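Everything on this sheet refers to the single structure shown next.
The values are calculated or read from the model by the stated rules, or taken from the named source; none is laboratory data. All of these numbers come straight from a predicted model, not from anything done at the bench. Using ideal geometry, Cβ is built from the backbone for each residue, glycine included, and neighbour counts are taken over all protein chains shown. With ligands, DNA and RNA removed, areas are computed over all heavy atoms of the protein, side chains included. Shrake-Rupley method; radii C 1.70, N 1.55, O 1.52, S 1.80 Å.
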Amino acid sequence: MKPNFKGRDIIDINDFSKEELLFVLETAKEFDPDYLKRSKRSNYTIAQGEIAALLFFEPSTRTEQSFRSAAQKIGMGVIGFNDLTLTSMHKGETFTDTIRIMESYSNVLIIRHPEAGSAKKAADIASIPVINAGDGPNQHPTQTLLDLYTILKQFGRLDNLKVALVGDQKHYRTMHALSIALFKFSGNQIFGISPKGLEMPAEFKHANYQDLPIDMNKLNETLAKLKPDIIYAGRIPKEYMKEDTKKYSYHINKQTLAVLPKNCVIMHPLPRVDEVDPEVDSSPKAIYFTQARNGMYVREALLGLVLGRI
Ligand code: NCD
């Protein structure tokens, strides 16, 4: 039976079964020109008359703009804010009142906020679907959907993969949600390569997860031994740390490419700072820009699904 997403909140990747994940990814193919011979004009009217409200309490480029684009590509109107100084919260309005007001003007709320649990809080207030677009250092489930979509497109499968997460697993929400999602598929092995002290929190670990805390100068050596199918790199998110983050920095560059297996790919949710050298971009192993584009197709599908229009 087709999973039913109508009216559902998308808050936590734990709420998805493997079948539901696959269903969203299959639906996303309907929006991806790589799977369609020509663009499907009927997509433009899927959610006509519906309004998406984008509530961005934290900076974003990809997530906000791809949701904005995805909503419009399926015929929706878009409202919202990304600068609190231009909202009544600046005058002291509460989070609760802001959610209530925005829900009365829209059909789906898409929220990014610096606090863990904020999307859940919004969902408890609102009666329309709420989509978590990143809640502090907790999770980023729609990023995980696009990460899975990218992996499926690249490898034709989501199981029996060896994945090296590289960077800060402690605070990095996209790695948290990806770790949980990959455990739903059989035979995946996840390795968390991080500076010591930035290992994955217990709640996001599972039987097939292994921490590999290292001196990040030994990254290439570690990857050479590990032979992963996927490197999933990430920024060191200094906004969640009090200490100087320079000591945690690492670099993926041409020397790294030289030690990787032939079919290994490098993913990154972006933005990058200096952890992936632009000299890597021209390698066929570098798929992070395709990954970012895939986000739009996945978000078109997800919006259509939660609105009950697909
Ligand atoms: C990520 C995020 O915001 O969690 N970016 C994104 O949504 N593509 C990763 C990051 O901020 O480093």
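What the table below lists for this structure:
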read-out: Qualifying position, being closer than 25 Å to ASP34 by Cα, open to solvent by 10 Å² or more (accessible area, probe 1.4 Å) and modelled with pLDDT of 95 or more, among ASP229, ASP147; value: ASP229
read-out: Filter result (closer than 30 Å to LYS29 by Cβ, without any contact (Cβ under 8 Å) to a residue 60 or more places away in the chain and in a loop (DSSP other than H, G, I, E, B)) within the range 253-292; value: LEU260, PRO261, LYS262, ASN263, CYS264, HIS268, ARG272, ASP281, SER282, SER283, PRO284, LYS285
read-out: Among (1) closer than 20 Å to ILE151 by Cα; (2) in contact (Cβ under 8 Å) with a residue 60 or more places away in the chain; (3) of a type outside the set (A, V, I, L, M, F, W, C) - the single one TYR35 does not satisfy; value: (2)
read-out: Yes/no for ALA292 being in contact with a Lys or Arg (Cβ under 8 Å, 6 or more places away or on another chain), at pLDDT 95 or above and under 19 Å from LEU212 (Cα atoms); value: no
read-out: Yes/no for GLU26 being open to solvent by 30 Å² or more (accessible area, probe 1.4 Å), away from the ligand (no atom under 16 Å from the Cβ), assigned to a loop (DSSP other than H, G, I, E, B) and without any contact (Cβ under 8 Å) to a residue 12 or more places away in the chain; value: no
read-out: From the options TYR250, TYR232, residue that is in a loop (DSSP other than H, G, I, E, B) and out of contact with any Lys or Arg (no Cβ under 7 Å at 6 or more places or on another chain); value: TYR250
read-out: Unique match (being assigned to a loop (DSSP other than H, G, I, E, B) and either over 14 Å from the mean Cα position of the chain (by Cα) or of a type outside the set (Ser, Thr, Tyr) (or both)) among LEU152, LEU178, LEU165, LEU198; value: LEU198
read-out: Options TYR288, TYR297, TYR248: the member that is open to solvent by 10 Å² or more (accessible area, probe 1.4 Å), within 19 Å of ARG235 (Cα to Cα), within 16 Å of the ligand (Cβ to nearest atom) and hydroxyl-bearing (Ser, Thr, Tyr); value: TYR248
read-out: Selection within the range 60-117 - buried (at least 17 other Cβ atoms within 10 Å of the Cβ) and acidic (Asp, Glu); value: GLU64, GLU103
read-out: Top-ranked residue of the range 251-273 - restricted to ones that are farther than 27 Å from LEU152 by Cβ and of a type in the set (A, V, I, L, M), ranked as nearest to the ligand (Cβ to nearest atom); value: VAL273
read-out: Flag for LEU212 being out of contact with any Lys or Arg (no Cβ under 9 Å at 6 or more places or on another chain) and open to solvent by less than 10 Å² (accessible area, probe 1.4 Å); value: no
read-out: ASP15 vs. criteria among the acidic types (Asp, Glu), modelled with pLDDT under 95 and surrounded by fewer than 16 Cβ atoms within 10 Å (Cβ to Cβ); value: no
read-out: Residues that are away from the ligand (no atom under 16 Å from the Cβ), in a loop (DSSP other than H, G, I, E, B), at pLDDT 95 or above and at negative phi, drawn from the range 40-92; value: ILE46, ALA47, GLN48, GLU50, ILE74, MET76
read-out: Condition check for LYS184: among the charged types (D, E, K, R), assigned by TED's automatic domain parsing to the domain that holds PRO213 and away from the ligand (no atom under 14 Å from the Cβ); value: yes
read-out: Looking only at the range 167-209, and only at residues there that are farther than 25 Å from LYS247 by Cβ and touching a Lys or Arg at 6+ places or on another chain (Cβ under 6 Å), the one that is surrounded by the most Cβ atoms within 10 Å (Cβ to Cβ); value: LYS184
